[in-house]
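Below is one structure, written out as structure tokens; comments come after it.
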Amino acid sequence: MSSSATLSAPTAPPALDELCVNTLRFLAVDMVQKANSGHPGLPMGSASMAYALWDRSLKFNPRDPRWPDRDRFVLSAGHGCALQYALLHVTGYDLPLEELKRFRQWGSRTPGHPEYGKTPGVEATTGPLGQGLANGVGMAIAEVALAARFNRPGHRIVDHYTYVLVSDGDLEEGISSEAGSDAGHLHLGKLVVLYADNHITIEGSTELTFTEDRMARFAAFGWHVQRVERSNDVDAVALALQNAREESGRPSLIAVRTHIGFGSPHKQDTAAAHGEALGVEEVRLTKEGMGWPVEPAFHIPEEALKHFRRAVARGNSAQTEWESRFKAYAQQYPDLAAEFQRVIDRRLPKDWDADLPTFRAADGPMATRVASGKAIEALGPRLPEMMGGSADLGPSTHTHIDGAGNFEPENWSGRNMHFGIRENAMGAILNGMALHRGLIPYGGTFFVFTDYMRPPMRLAAMDALPVIYVFTHDSIGMGEDGPTHQPVEQLLGL
């Protein structure tokens, strides 16, 4: 079954939908209240659209979080992670309710922002706003690149979507424009972004600082844009998601008008709902106002859990069907199937380093960037999964692989990437490519410009991602361009 086929659950009765949405809301509320720390507002406001995605669209198997052809979900608005943890628990991932009760505590699997490798089902470490959006661009790039390399007529073994949930803060950060522009340029039609448009940031209304037309901005980037005015209309969000999947030539942004702290009688639509527990009395009033049992905390209605847990059977069925197709693929293309498994497992091929050059003083002086370029040229044919480029500095950084073609909509099999003058997005896109698995991504720029990409470099280090950086013009003796291009403190800083 193709990822473009319908994998959604049969539409639940409206009352059951509401019960499931409120289950997510109040699990998040109780998590934050028990920790007396966290962010209840986004989970309360975005529970309906997250439910629409996970229940009607997302292709995943809770019993195998690393299934290669699953859809990816990235919570770029990482402060709302209580919502993600609630989803992971109720849909059947290995995340017991006890871990939800240990939210934000030392040693728990439910840290205060999502951490890759810490919690099953979390695809990326997020928190610095906007990074997750750019990670999603990288994941979508990996999907089309691997599909171009491995799919064959009648055999679509790589065929999935990348979904990202973003907040106002994500779209305010400059990286959203860097990454959004690149995604639109590349026509990444399998990237779908849900935007929790709640009009609130920590200091108050977005009217203070954020009055641009975000839809027009992304439309100008070349995105397909939709707006859903009622966030609690699960069917409307599900329809918008279906429209986005049918738009194959453009990435999609779905702006959903949400209400931060939805249901809280005194904090809904206020900054007070953003980053602190509601308080015992406000929790009680909110539950009573929405017809939810005040006690016990962490209440999960049996009917809701039964509906959520159908995800396990759906996921097993989808993965079993894919494995059957992969078996047929392996029979017809055994070498390709073995190669696909190798790159997904991150195993290097035999003799990958056989052609690496050696450099001797007797051969005369050579710029290190030239030597690096020779190494890339030698590795390129041996490591077909190696893919990357530079932030518009290829001729200077020597990051081009001869004969590998340019990665672009007309040639998804190309391996030379042109990131444009977008260092921050380049770093985060590389992270997304690595998180997806199947590629060895690399990126180059002048060493002094690591200042522009430090956030994704830090996250790559935290997650131990196999991302390669090529930093050139690294000598403080680079005097001709003046002090703006002299990397004096960058080495110490990194």
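Please enumerate the residues belonging to segment 301-311 that are in contact (Cβ under 8 Å) with a residue 60 or more places away in the chain and surrounded by fewer than 18 Cβ atoms within 10 Å (Cβ to Cβ). Give the steps one after another, and end with the answer.
First, pick out the residues of segment 301-311 that are in contact (Cβ under 8 Å) with a residue 60 or more places away in the chain: 301, 303-305, 307-311.
Residues satisfying the conditions are Pro301, Glu303, Leu305, Arg309, Arg310.
Taking the options Gly117, Gly78, name whichever one is within 26 Å of Ala464 (Cβ to Cβ), surrounded by 24 or more Cβ atoms within 10 Å (Cβ to Cβ), touching a residue at least 24 places away in the same chain (Cβ under 8 Å) and of a type in the set (Gly, Ala, Ser). Spell out how you get there, then give the answer.
Values: Gly117 fails: surrounded by 24 or more Cβ atoms within 10 Å (Cβ to Cβ).
Just a single option satisfies the conditions, and that option is Gly78.
Is at least one residue of segment 337-347 among the aromatic types (Phe, Trp, Tyr), touching a helix residue (DSSP H, G or I) at 6+ places or on another chain (Cβ under 8 Å) and touching a residue at least 40 places away in the same chain (Cβ under 8 Å)? Let's see the steps before the verdict.
To start, the set of residues in segment 337-347 that are among the aromatic types (Phe, Trp, Tyr) comprises 340.
Of the ones still in play, those that are also touching a helix residue (DSSP H, G or I) at 6+ places or on another chain (Cβ under 8 Å) are 340.
If we keep only those that are touching a residue at least 40 places away in the same chain (Cβ under 8 Å) as well, we get 340.
Scanning segment 337-347 turns up at least one residue that is among the aromatic types (Phe, Trp, Tyr), touching a helix residue (DSSP H, G or I) at 6+ places or on another chain (Cβ under 8 Å) and touching a residue at least 40 places away in the same chain (Cβ under 8 Å).
Mind checking whether some residue in segment 263-274 is at positive phi, touching a helix residue (DSSP H, G or I) at 6+ places or on another chain (Cβ under 6 Å), crowded, with 16+ Cβ neighbours inside 10 Å and in the same structural domain as Val166 (by TED's automatic domain parsing)?
Applying the first criterion (at positive phi) to segment 263-274 yields 263, 269.
Imposing the further condition that a residue be touching a helix residue (DSSP H, G or I) at 6+ places or on another chain (Cβ under 6 Å) reduces the set to 263.
Now restrict to residues that are crowded, with 16+ Cβ neighbours inside 10 Å: 263.
Adding the requirement that they be in the same structural domain as Val166 (by TED's automatic domain parsing) leaves 263.
Within segment 263-274 (the criterion being at positive phi, touching a helix residue (DSSP H, G or I) at 6+ places or on another chain (Cβ under 6 Å), crowded, with 16+ Cβ neighbours inside 10 Å and in the same structural domain as Val166 (by TED's automatic domain parsing)), the answer is yes, since at least one residue qualifies.
How many of the residues making up segment 66-84 are part of a helix (DSSP H, G or I) and within 17 Å of Glu276 (Cβ to Cβ)? Don't jump to the end; show me each part of the working.
Applying the first criterion (part of a helix (DSSP H, G or I)) to segment 66-84 yields 78-84.
Then drop every residue that is not within 17 Å of Glu276 (Cβ to Cβ), which leaves 78-83.
So the count comes out to 6.
Considering only segment 89-123, state which residues are touching a Gly at 6+ places or on another chain (Cβ under 9 Å) and over 20 Å from Gly432 (Cβ atoms).
Thr91, Gly92, Tyr93, Asp94, Leu95, Phe103, Arg104, Gly112
Say whether the condition of being surrounded by 14 or more Cβ atoms within 10 Å (Cβ to Cβ) and within 28 Å of the chain's Cα centre (by Cα) is met by at least one residue in segment 359-370.
no
Please go through segment 182-196 and give me each residue that is among the small types (Gly, Ala, Ser), surrounded by fewer than 24 Cβ atoms within 10 Å (Cβ to Cβ) and in a helix (DSSP H, G or I), ordered by number.
So in segment 182-196, the residues among the small types (Gly, Ala, Ser) come out as 183-184, 189, 196.
Checking which are surrounded by fewer than 24 Cβ atoms within 10 Å (Cβ to Cβ) leaves us with 184, 189.
Result: Gly184, single match.
Can you tell me which residues in segment 275-290 are surrounded by fewer than 19 Cβ atoms within 10 Å (Cβ to Cβ), touching a His at 6+ places or on another chain (Cβ under 8 Å) and closer than 15 Å to Arg25 by Cβ?
Scanning segment 275-290 gives a single hit, Leu285.
Show me the helices (runs of 4 or more DSSP H) entirely contained within segment 248-358 in which 1 or more residues are more than 30 Å from Asp197 (Cα to Cα).
Filter on segment 248-358 gives 302-308, 310-332, 334-344.
Between residues in segment 140-153 that are assigned by TED's automatic domain parsing to the domain that holds Gly184 and residues that are of a type in the set (S, T, N, Q) and at pLDDT 95 or above, which pairs lie under 7 Å by C-beta distance while being six or more apart or on different chains?
These pairs meet every condition: Ala140/Thr162; Glu143/Thr162; Ala148/Ser413; Arg149/Ser413.
Could you say which residue among Pro455, Pro483, Pro384, Pro409 is farther than 29 Å from Asp345 by Cα, surrounded by fewer than 21 Cβ atoms within 10 Å (Cβ to Cβ) and out of contact with any Ser or Thr (no Cβ under 9 Å at 6 or more places or on another chain)?
Pro483
Within segment 241-253, which residues are under 29 Å from Ala15 (Cβ atoms) and surrounded by 22 or more Cβ atoms within 10 Å (Cβ to Cβ)?
Once the filter is applied, which keeps residues that are under 29 Å from Ala15 (Cβ atoms) and surrounded by 22 or more Cβ atoms within 10 Å (Cβ to Cβ), segment 241-253 yields Leu241, Ala244.
Can you pull out every residue in segment 425-452 that is surrounded by 22 or more Cβ atoms within 10 Å (Cβ to Cβ) and either under 20 Å from Leu171 (Cα atoms) or assigned by TED's automatic domain parsing to the domain that holds Val74 (or both)?
Matches in segment 425-452: Ala425, Met426, Gly427, Ala428, Ile429, Leu430, Asn431, Gly432.
Are any residues in segment 331-373 assigned by TED's automatic domain parsing to the domain that holds Asp474 and in contact with a strand residue (DSSP E or B) (Cβ under 7 Å, 6 or more places away or on another chain), and if so, which ones?
Answer for segment 331-373, where residues must be assigned by TED's automatic domain parsing to the domain that holds Asp474 and in contact with a strand residue (DSSP E or B) (Cβ under 7 Å, 6 or more places away or on another chain): Arg369, Ser372.
Yes/no matrix, rows are residues, columns are (1) out of contact with any His (no Cβ under 7 Å at 6 or more places or on another chain); (2) of a type in the set (Gly, Ala, Ser); (3) assigned by TED's automatic domain parsing to the domain that holds Glu173; (4) at pLDDT 95 or above:
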{"site": "Ser48", "(1), (2), (3), (4)": "yes, yes, yes, yes"}
{"site": "Trp54", "(1), (2), (3), (4)": "yes, no, yes, yes"}
{"site": "Leu58", "(1), (2), (3), (4)": "yes, no, yes, yes"}
{"site": "Pro62", "(1), (2), (3), (4)": "yes, no, yes, yes"}
{"site": "Arg66", "(1), (2), (3), (4)": "yes, no, yes, yes"}
{"site": "Asp71", "(1), (2), (3), (4)": "no, no, yes, yes"}
{"site": "Gly80", "(1), (2), (3), (4)": "no, yes, yes, yes"}
{"site": "Val90", "(1), (2), (3), (4)": "yes, no, yes, yes"}
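Whether any residue in segment 163-175 is outside any helix (DSSP H, G or I), farther than 20 Å from Thr258 by Cβ and over 11 Å from the mean Cα position of the chain (by Cα) is what I want to check.
No, because not a single residue in segment 163-175 is outside any helix (DSSP H, G or I), farther than 20 Å from Thr258 by Cβ and over 11 Å from the mean Cα position of the chain (by Cα).
Conditions first: (1) of a type in the set (Gly, Ala, Ser); (2) closer than 19 Å to Lys59 by Cα; (3) crowded, with 24+ Cβ neighbours inside 10 Å. Ala179 passes all but one, so which condition is the exception?
(2)
Pairs needed: first member in segment 479-494, under 16 Å from Arg454 (Cβ atoms) and without any contact (Cβ under 8 Å) to a residue 40 or more places away in the chain; second member anywhere, of a type outside the set (Phe, Trp, Tyr) and surrounded by 10 or more Cβ atoms within 10 Å (Cβ to Cβ); C-beta distance under 6 Å; at least 6 residues apart or different chains.
Note: pairs meeting the criteria are Val488/Ile476.
Pairs needed: first member in segment 398-415, of a type in the set (Val, Ile, Thr); second member anywhere, surrounded by 12 or more Cβ atoms within 10 Å (Cβ to Cβ); C-beta distance under 6 Å; at least 6 residues apart or different chains.
From segment 398-415, the pairs are Thr399/Gly389; Thr399/Ser390; Thr399/Gly444; Thr399/Val470; Ile401/Gly380; Ile401/Arg415; Ile401/Asn416.
Take the residues of segment 207-231 that are among the polar types (S, T, N, Q) and buried (at least 18 other Cβ atoms within 10 Å of the Cβ): which is farthest from Leu188 (Cα to Cα)?
Just the residues of segment 207-231 that are among the polar types (S, T, N, Q), to begin with: 209, 211, 226, 231.
When the remaining residues are screened for being buried (at least 18 other Cβ atoms within 10 Å of the Cβ), the result is 226, 231.
On the way: Gln226: 16, Ser231: 26 Å.
Per the criteria, the residue is Ser231.
The values are calculated or read from the model by the stated rules, or taken from the named source; none is laboratory data. It should be emphasised that the depicted structure is a prediction, and the values quoted were computed from it without experimental measurement. Quick reminder, even Gly has a Cβ in these numbers, built from the backbone with ideal geometry, and neighbours come from all protein chains shown.
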